[in-house]
Each structure stands twice: as structure tokens, then as C-alpha cells.
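Worksheet: the structure to be examined is printed underneath.
Computed from the coordinates by the stated procedures, all read-outs in this text should not be read as laboratory data. Since the model is a prediction, treat every value here as computed from it, not as a measurement. In this analysis, Cβ positions are derived from the backbone assuming ideal geometry, glycine residues included, and neighbour counts consider all displayed protein chains.
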Amino acid sequence: MGGFFGAALKNDCVFDLYYGTDYHSHLGTRRAGMAVYGKEEGFNRAIHNIENSPFRTKFGQDALEMKGNYGIGCISDYDPQPLIVRSHHGTYAIAAIGKVNNTDEIVEKVFHNGTTHFLEMSGGDINKTELVASMINQKDNLVDGIRFAQEEIDGSMSILILTQKGIYCARDRKGRTPVIIGRKDEGYCVTFESFAYQKLEYHDYKELGPGEIAVITPEACTTLVQPGGTNRICTFLWTYYGYPPSKYEGVTVEQMRYNCGRFMARRDNLGKEDLDTVAGVPDSGIAHAIGYSNESGIPYSRPFIKYTPTWPRSFMPTVQSKRDLIAKMKLIPVQELIENKRLLLIDDSIVRGTQLRETTEFLYMSGAKEVHVRPACPPILFGCKYINFSRSTSDMDLIARRIIAEEEGGEVERTILDDYANPESDRYHRMVDRMCREMNFSSLAFNRLDDAIKATGLDENHLCTYCWNGRE
């Protein structure tokens, strides 16, 4: 995953760029960068590894030394960016957020059209942002190049391009990820997370539609390519990745999560006589749990606290075992709120299942009498094709798919997967029952997809639900 921020101002933009980019730190874990342009200074760029220290620590000195009216910044899980590119379009900086599933195919096409090489990163991969730039450079102008790149990519890609005249902002063709424009007297900004500009005194201006391309300058935001097609924004952004005050398509992350909790409580067969308290796995499970508590009347509590001053996010290390260890070490128990309690625990999702299993064991070891688990979204049956929300390399890394394969004796046809995605089917209930036993929960019930959609208040045709039902 990742996030970006850009600013085009009448005066120096570096202060806004520094803090606006930092506000995306929850979206990426490995690399961050800023690139600026000023008439006197030209282009300047800084990229740092942020695996072991926060963005502001690494970029504080750069922010003091950089100058420019235009700038873009990026937080990334993997690719170092923004990149500065020199081509027949002139010199520009580029940042790109999304996922490319057909890299080898695109590389062959680019080689065929005359590009001689790509810089290989550690691990042998090609920087996806460099790949996007190479496709843009196949066309006669930036707008045609952006459209060409997005058409060729199997997956999803939103793009910022910093030039000497303005910042090109392009949302991916299906609107899987947000691209939002803010405005203030000094100029305009572009961001993934809407809350990133609020404290910088910008106001909501517009959210780009699917496939829309705009350019921002200090004076204006001008649409160059009108949006087309139906928006299919990722529903998982609300459930997990988005920061609570952020707003996508007019819907706040915190409100959506609260709604999910309410709807789960309405369907649950457990009540006040069965439970002592409701708790959320910090941080993304908290709003879900508050919604559940308020709807059900079961008291809300915090039986464990996440230690945030020094521990990084749990998926930061590349090794799964280390991520699990960090997730475990971050949660500090409050013994009095756990011992002899019947707990209902809400997490945002179950992906591989490792961390939630260990969290449950941790609660039992701390004296919990029962641990009932309620994930805030349906079972994840398909690895995401559009954003990197998980480092899984195979659908079989997903606990739901592993259980399905074991239940069915191997790989299954799509029609059978559809049956497992149906919360009314016998297969679905067998899958959930087995998951409950394997993970040692007292009970397990997932949020239903129709309720998750209802929690957004949006039409299901405007939402991407691929990871749950395979619908593209």
C-alpha cells in the first residue's frame, strides 16, 4: 500500500509537503520521499528508508534545505519514490500508488519500443513507478502517456507528476483508491487521505472521479480528462487501511466502522446475559467495538492497550514471524479487565489468522474466561489485485482459502468459492466453524458483506468487494 501528497502554492510549499506527506505514514512502511521544484532551484529530491524511524525524523533536515512552489511526496511499502525522470516530455518527478499484475508483459512491450534497461531493485524486482514512467514516455504528451499507462496496467494505478508548470493528478481508471483536491488562498493540494490537509488550512475542493486527470497550479485546478465509467473504490479502505478522520466519497472512516459495529450487534445471537464486555483490537477495531457496544448495551472496555511510542506497525518487517512477534509485544494487558471476563473481541479482519490467534491465546493466558471474535468484514477469499493491502504471494496464504482447500480436497472451481462466500450456505458455516475451532475462539461470526456495504451508505456498484466475493 502507500499514499501521496502534493502542493502547488504561490509561496514555498515545503512546509505543507512535509506535514501532508507525513500524515500518510500509516499507509506505508518502508520508503518515503519528497520532490520539489522552484524556478531558481530547479528539481530537488530526497528519499529515505523509514522502516526503523518515523518520516519526520528522516526528513526534518531535508525540509529545512528544500525550496520550491511545487512539490509531491510519497509513503511507500516498497518502491523508492518519487523518481525524477528526464525524457522528451522534459524533466518531471513522478509518484504512483497501486498494483501492477502484468509487469513482465509490460517490460517486454517497453523493450520492444526501444527502452534499453530498467534499474533493478534489491530482490530482482523492477520499481513500479519507473515502469509507469517508461509507459508514459511512449506517448507524445503527458496526458496521453498517463492514459496509456493506466490502460496497459492489469491492476490499478493512481499517479502524481510534478512538472515545472504544475502537478498532474490522475486517479486510477476504476477509482479503486482516492485522489482528493484541497484548496486555500495560497493554492491547491492533492492527497490520498483527506484529513492530511485539514490542519494545513485547506478546504475540500473536489474528489477526482475514476480515470479523471487534472492539473493543479497555485491559481487553479483544471480537469484535462473527464471521469469515465463506474467508480469502484476499495471498501477495505474504510474497514482497515484508512485513518479514522479520513473521508472517501463523502463517507468518514470512523463513521463507517461505527456503523459496522452497530449492524453486527443487531445480527448477533449473543446478548448482555452472555458477555461481560466488548473490546476492539487497537487501533482499527476500536470504532467497530464502540458501535457494537452502543447498539447492544454491552459495556465497552479496553482490556489491552497498544504501546505506540516506539513500536512500529506490525506488518513493517518483511518476515512474517517478526511481524507477528511485534504485534504480540505491542499489546499490553490490563489484568483487571480480562480476568474471569467473557469478552467479545472485534478486529478489522482475519487475513492469515496468525496475529488474531496469538491475541486470543494472550487473552486466555491473562485470565479471560471466554473470547468471542467478530471480524468487521467478511472472510477474505481472494488476494487483492488492485492494492497491496497484504504481502501474501498466494491465495493459499489466506486462512479462509486454506480451510476451503482442505475441506474440498484441493483447488476448487469458482462456483464453489461463490458458495463459500454466501453467508446462508452450508459450506460457509462449515468454513467458519472450522476456523473457530482452529483459532480456539469461544465463537466466531463475521460481518456480512451486505451489512458492510450498508455501513458505507453507498451503492454496492460503486464499491470494490473483490477480496470477499471475487467481483471485479
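Side notes on the structure shown:
- Residue exposure sequence - Glu212, Glu40 - by fewest surrounding Cβ within 10 Å: Glu40, Glu212
- Sorting Asp79, Asp185 by the number of Cβ atoms found within 10 Å of their own Cβ, with the fewest placed first, yields Asp185, Asp79.
- Angle between the chain longest axis and helix 55-65 axis [Cα atoms, degrees, rounded to 10]: 20 degrees
- Per-residue packing, averaged as other Cβ atoms within 10 Å, sorts the ranges 188-198, 151-161, 295-305, 364-374 into the order 188-198, 151-161, 364-374, 295-305, beginning with the highest.
- Using the average count of surrounding beta-carbon atoms within 10 Å as a protection proxy, the listed peptides 99-106, 408-415 rank, highest first, as 99-106, 408-415.
- Spin-label model, Asp283 to Leu64: label points 7 Å out along the Cα-to-beta-carbon direction sit 2.7 nm apart.
- Here the Karplus relation 6.51 cos²θ - 1.76 cosθ + 1.60, evaluated at θ = phi - 60°, turns the backbone of region 179-184 into coupling constants of 9, 10, 9, x, 9, 8 Hz, with x for every Gly and Pro.
- Against the main long axis of the alpha-carbon atoms of the chain, helix 320-330 sits at an angle near 70°.
- Structure-based [θ]222 nm, the chain - -39500 (n - 2.57) summed over DSSP H runs of at least 4, per residue, nearest 500: -9000 deg cm²/dmol
- Against the chain, whose longest principal axis comes from its Cα atoms, helix 253-267 is set at around 20 degrees.
- Shape class of the chain from the alpha-carbon gyration tensor: prolate, with a/c at 1.5 or above and a/b greater than b/c.
- Segment Ser425..Lys454, full-extension length gain: 8.3 nm, with 0.36 nm per residue of separation and the alpha-carbon distance subtracted.
- Region 251-469 - Rg (one decimal) and Dmax (whole number), Cα, Å: 16.9, 49
- Residue separation of Ser87 and Glu413 scaled by 0.36 nm, minus their Cα-Cα distance, works out to 112.7 nm of gained length.
- Taking every C-alpha pair closer than 8 Å and separated by at least 6 residues, the mean separation divided by the residue count of region 2-231 gives a relative contact order of 21 percent.
- Set of region 359-380 residues, backbone N closer than 15 Å to the point 7 Å along the Cα-Cβ line of Lys306: 359, 376
- The length gained on full extension between Met365 and Asn11, counted as 0.36 nm times the residue separation minus their Cα-Cα distance, comes to 121.7 nm.
- Rounded, prolate or oblate (a/c below 1.5 giving rounded, otherwise prolate when a/b exceeds b/c) for region 1-154 by Cα gyration tensor: oblate
- Cross-link pairs Lys165/Lys385; Lys10/Lys206; Lys247/Lys272; Lys330/Lys369 - those with Cα-Cα distance over 25 Å: Lys165/Lys385; Lys247/Lys272
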